[in-house]
1. Yes or no: region B:803-818 includes at least one residue that is of a type in the set (D, E, K, R), crowded, with 23+ Cβ neighbours inside 10 Å and within 14 Å of another protein chain (Cβ to nearest Cβ).
2. Looking at region A:329-362 only, could you name the residues that are within 14 Å of chain B (Cβ to nearest Cβ) and in a helix (DSSP H, G or I)?
3. Can you report the number of residues in region B:712-736 which are surrounded by 14 or more Cβ atoms within 10 Å (Cβ to Cβ) and either within 14 Å of another protein chain (Cβ to nearest Cβ) or not in a loop (DSSP other than H, G, I, E, B) (or both)?
4. Can you tell me which of B:Ala557, B:Ala605 is within 14 Å of chain A (Cβ to nearest Cβ), part of a strand (DSSP E or B), surrounded by fewer than 21 Cβ atoms within 10 Å (Cβ to Cβ) and in contact (Cβ under 8 Å) with a residue 12 or more places away in the chain?
5. Given (1) within 13 Å of another protein chain (Cβ to nearest Cβ); (2) over 30 Å from B:Arg728 (Cβ atoms); (3) polar (S, T, N, Q), where does B:Thr534 come up short, assuming only one miss?
6. Condition first: more than 12 Å from chain A (Cβ to nearest Cβ), surrounded by fewer than 17 Cβ atoms within 10 Å (Cβ to Cβ) and within 17 Å of the chain's Cα centre (by Cα). Now tell me which residues in region B:614-650 satisfy that.
7. I'm trying to understand the selection: among the residues of region B:737-756, which are away from every other protein chain (no Cβ under 14 Å) and assigned to a helix (DSSP H, G or I)?
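The values are calculated or read from the model by the stated rules, or taken from the named source; none is laboratory data. All values reported here derive from a predicted model rather than from experimental measurement. Reconstructed Cβ throughout: ideal geometry from the backbone, glycine too, with neighbour counts over all protein chains shown.
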Amino acid sequence: MSALDNDGSSAISRNIAGGDRPPLSASSAHTVYEIAHTAEQIISGKYTQVALQFPDELLIDSTIVSQELQKLIPHTTRVFILADTSFGSCCVDEVAAEHYSADLVVHYGKTCLSLTSRVPVLYVFGREQMDVLGCVAKTEDALEGRNILVVFDVPLAWCAGDVAARMRESGRFGHVALSSISVAGRLYKPPGIKRAKRCSDGSGANACANASGESACCGNTCEKPAATSVDGSSNVSLETTGITPGRSWDLATGKSLSDYTILYLGSEGATLTNLMLTARAQCVFSYDAQTHSLREESATANRHLSRRYFAVQRAKDADVIGIVVGTVAATRYIAVLQQLKQMVKRAHKKLYVFVVGKMSMVKLANFAEIEAFVLVACPENSLVDGKDFDKPIVTPFEMMLAMSRTREWTGDYVTDFGDFLELAQEDERQEGCAESGSEDSDTPHYSLVTGALKHRRRYNDPAVSGGVEAGAGDLVLRNNKTDIAKYLGSAAAEHLMARSFRGLGHDEDADEREELPPMLAIEGRSGIARGYNTAESQDHQI
Amino acid sequence: MDDSQYDEFGNYIGPELDSSSSESEEEVEDEEGIRREEADYQAHSSPGSSDSEAEDRAHNLMTMMRRVDLAPQAQERQIVQHEDKQYYPEASAVFGADVEVLVQEEDTQALTEPIVAPIKERKFTVGNADELPATTYAKEFLVDLLGHPNLVRNVAVGGHLHHGKTALVDLLVAATHEWAEWDTALPQGTPVNRMGGSSTASGFTDTLQLERQRGVSLKTAAMALVAQDSRGKSWALNMVDTPGHADFLDEVEAGLRLADGVLLAVDAVEGVMSGTRRVIAAAMRQGLRIVLVVTKVDRLILELRLPPADAYHKLRLTIDEVNAAIAQSPRGTHPLLSPAAGNVCFASATYGWCFTLESFARQYAARWQMPDARPLARRLWGDVFYRAQTRSFVRKGVDARAPRSFVHFVLEPLYKLHALVVAEDAPALRPALASLGVRLRDADYALDARRLLRRALGHFFGPPGGLVDVCAQQLPSPAANAAAMAQRLCAPGPVAQAIAQCSADGPLVVAVAKQVAAADGQSFYALGRILSGTVSESQHVRVLGEGFAEDAEDAAAATVDALWVWCARYRVRVSGLGAGALVLLGGVDASMAKTATIVGAEGPAEALLPLRLPTPVVRLAVEPAVPSELPQLLRGLRAIAKTYPQAQTRVEESGEHVLLGPGELYLDCILHDLRHVHASIEVRVADPVVSFRECALETSAVRTFVDSPNRHNRLTLMAEPLDSAVARDIECGLVDARWPARQLGHYMEEAHGWDILAARSIWAFGPGPLGANVLSDDSLPQDTNKQRLRSVRDSVRQGFQWAAREGPLCDEPMRATRFRILDATLADSPIHRGAGQIIPMARRVCYAAFLTAEPRLMEPINRVDIQAPADCVASVYTVIARRRGHVTQDAPRAGSAMYAISALIPTIDAAGFETDLRTYTGGRAFCQHYFETWQVVPGDPLDKSVVLTPLEPARGDALARDFMLKTRRRKGLGDDVSIDKFIDDPALRDIVKSFQ
């Protein structure tokens, strides 16, 4: 059960929460999972390897869906199920799909709608029960006379149009707008798809590396996701008015979002939180289809935003930053990563990049020298409440606020990668101008977390690294050989020096063991995590 | 006179304009130039020219057009388009290039708004800092004297609120300074202290407008002056005037840091009050000598009208009370304060006089031509009686009618003088005063009784030599105090040696005790004491922060822009000052948080002990009324953190900006400064709340254990209450977990009777070195692999610190809880017991153990001291009872009609108490309150059967749950506190459930 002895058996033997209901019957699976529609898309696209990605809570229906689907498509087309995704189940697990050279991923259930970069995706949202009339009646009482924008969680996509139509009919509201999901019921093909396919002929790891290179360049070239939009007849442009990738809405002319009340259909979760933080509507009401309750959400949003403000302040105090890559699927994550790296370097802070798969506190706690983490993940996964972790975990946008000397916290919030990149580039230009003028980087900054002044440590600063630094890390205990080591801007080495316990042979009774010569550095293991090329296995191969 | 320059009416028209020759020459030149260019242009435009030629052509065309502008003559001959014509000169041509011209077509500005707004003057102090008033001594003399540490006295003036500290300094200022301009600096509508009949003489050191509006000192201010003692010798005195209000004890601490001795002001009527005790305790803690000034002696005569013999006993009682208070304070010994020993002075600043026994005896000596006044002075106090018949002093009162010598020689003349001036009219008074050597002007006799009394007494006693005597003779000079100061402020080393030398040639060490905002509230000066070396203008120095001892990075280079001798309302700029002086430094504040140590650019560096101030408990959330003004607010908060020694400003986890301060008045002043002085923005403020603490009431019901996330490690822990005496010792910094085990064990064994094993197994205090929780390792070597446990000690400590910082009840720090590690099973390989596994495990097991040990909330409790007349006492009791308080002491004040009531009130209910009290007693009761201790809130915070009704105050046992839930909601935590989150093992969970 440990995170370390991961031979796969634990994943198989693990119990999954939410599997306490019986699987659906074949007929209801047809309607809920839109099997006929899926088969049609597969046949028309002539796909041969189809990955069906299920989140944990829908895994119970996966066998019946795959069986039914297989019945409708030619036998040459292979269908397989993807579970236990490496990051979040809301994102399409492109890497896992590529391991099996899938040329289409069908994603079931809740999704954050972040765009993929390599594999075409068909989203099947599923259907949640919904009392449309009851919902409209409740809303009428509470929100009469207001302008309403209906936003919905994806399992309720099938009835959202109905809700909006009935609300318009009732005539008791102002303007009723309905948000739309661009990829609903259609196939999404990423722009770099042809080249990616060619690469995938090689070995898996190779393809991965190449493909990520592709996506980086793709992220840099295409300015707007609108350009990478859906194929087909749609003229709905993504990202002209909307804020979440894949969600868009048309408001009445002359009105802005602040004139609208958002009615969110669905239970509370990451989607709602994200919506509340980024959309600055008049207020947000949510309607929970399960409990038939309507409630106002703005107060919690403000509190949530305040908590993020605290996280930003803590990130401001950090000198050593860890960037945690929490997605390898969302488009332009590489561009975001690059931007973050530049930003951190500009601020002369130390930077480490991590890929830890599904993020957990235990994993991050192993890196004690890191003072703040930035999570690069899809919008819905990136808002991590770090209550159980003593280091702040912030989003790229928050990191930008923390690093920037020109930008201040205003309450506006950005989770989308595209918006972030735009802001970051604008920042870069401004900082570039300001850099030459102001040399105040040496003055300590006033930490709002501790209420004290904090001296910044400057890593990789050309002005400093040349000369002899006067710092605590410079003083090294003299060993019996009178060696002096200088750590050139390595936060990890400094951290090791500051620790009282430094592993075996270097602990408190160091005097007794001083005769032991230090071990020579040897080459470590290499390969991918599910089977390292250890010395023994290499011997076997020989 | 040349007629041609005037017209036929005699008006001047000037000489004829015949300078055309030179102008026409220029024109010719211009025309030629243009012709040449035109020729060029034609040559260029010949067919076959390439692209680059076309560019040249365009360029030439441009130059040509410019030439056209220059040559109006040429322009006239050309056809000029209508839109190119210039009928009026450009605004820039009329007003010049550096004038911005705005043209607005419509009135967008309101009529009330001035078109040219006057420059708003930002000034929050009275007086002009750089305008030097006339003094009885030359400023150069003052600066020269400051260079001789033996002739300098740094004296902090401390005492209870309104016991006349500022007035004492005024007494010295009045004797040396020109009075003239004091009052013009007063803001309009300020209530002026008219008590003494002289509105001009109050508060020279109260320089802030806020201080003058409120009529109370709020900040510590230093006043450097030269004064003569009763023998006429000049001394340079740095009088550090501290505030007396209970909220501002931090300013007193800062003032004491600057001084070598304390001038303790005690009201002759009120006697020793809580503020007096606190100043005494602070001074004793810092090892400072105390001299006493009994102030407001006139109140005994004019207000209480005590007979002279009773007045003696009242004065005696006051002095005895002070001695008793000194004896009660925990540390050190102090010589007895007694007028006979020369360390007590009597004063009435209102009427402008003060005397010691010696200075009074000197009056007799002068009159009777005695060679030495001291033998008489020795006989003027205590049980010494004067027998008029034999003209001798006796020890025992043989004759019942023989008066005490003090009464006979000091009080009776004083009473007579008062009676004379108040009762007699001018013709009778004039010869009587003349016989005493007091000659007043005719105009003075026309004054009202109070003013006349001030004039007469002021003349009789002369300059305040007695006050200077006690300071100069009884308090040590900077040089004499240097060794003690070195020992107190830093560890033995080169810096301590330098401080002990107190030499102007030594390495530079300046202790900055506080920062002072400039008159405009935008820049800051550092007020410090030069302990060693010389600081001079444009000197390069290093500013060491408070954390320098732990983190060598907490230092910054700076340059001294300017330095001054601070004289409260004005400052004397100097080029350099040597050891022993107080100095106001400019240009070094950038990297200063609150206090700092300044050392030379080279040489030894060691940070001095920071001011030890208690953590303030009243918290206030603030936010800008306009969200976009957040940056201004942050700047303001930073300024607040600089200028208020005890204030803390921070962002809490909920994202609120929180101000922490010791009391209402303190926070009110902060808000004033935030709104008007530093930030000038509107600030929204939440209701004040207090910090809580979480503590355990019992020992854990079971041995709680928790597994690490990978299930390879298990830690077993129990929580139990910690003795409150130990908790207090830790909080006061008397004991430190970083001491070597032997020393720590010895201390705990000696001071608190712990057994040696328990004492030596202490691992850490938390949160932080002053956190009153203890983690100790009580595991047995036969059960536990001790060596392995030691290898994860850092991680366990970190987990414990984290848990102690954020308790499970409502995220408040824990207090007075002891955690004992009973057992630990740790994984074999180090990789399975990394920090990532151990820290969360240690934190959770602390929570689990804590929650099984009857967790309770603690709230801060304020001590309230109330002065009320006897008929108000009943209503005082009512007010206290309504606020969950209780009275601990209630006694009449000797010699007055007042009662002194001492009570305890929860801090959270103390907000608004003062107003309530005054309303209830018609303004006749007066109170001071300050945080004293922590106390458990009644009731179980986890008791779910408690029903809380909104908008209704919780009572009795419901209070703890009420506080906990409200705090949790404010912080955005869920309502439910469940132990299940921290315990995984189902069996243990069941056991725990069965206990609850």
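1. No, region B:803-818 has no match at all.
2. A:Met361, A:Val362
3. Counting residues in region B:712-736 that are surrounded by 14 or more Cβ atoms within 10 Å (Cβ to Cβ) and either within 14 Å of another protein chain (Cβ to nearest Cβ) or not in a loop (DSSP other than H, G, I, E, B) (or both) gives 17.
4. So the residue among B:Ala557, B:Ala605 that is within 14 Å of chain A (Cβ to nearest Cβ), part of a strand (DSSP E or B), surrounded by fewer than 21 Cβ atoms within 10 Å (Cβ to Cβ) and in contact (Cβ under 8 Å) with a residue 12 or more places away in the chain is B:Ala557.
5. For B:Thr534, the exception is condition (1).
6. B:Pro614
7. Hits for region B:737-756 are B:Arg742, B:Gln743, B:Leu744, B:Gly745, B:His746, B:Tyr747, B:Met748, B:Glu749, B:Glu750, B:Ala751, B:His752, B:Ile756.
Each row is one residue, and each column tells you yes or no for (1) of a type in the set (Phe, Trp, Tyr); (2) more than 14 Å from chain A (Cβ to nearest Cβ); (3) touching a helix residue (DSSP H, G or I) at 6+ places or on another chain (Cβ under 8 Å).
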| site | (1), (2), (3) |
| --- | --- |
| B:Leu826 | no, no, yes |
| B:Ala848 | no, yes, yes |
| B:Leu851 | no, yes, yes |
| B:Arg863 | no, yes, yes |
| B:Pro869 | no, yes, no |
| B:Ala881 | no, yes, no |
| B:Val887 | no, yes, yes |
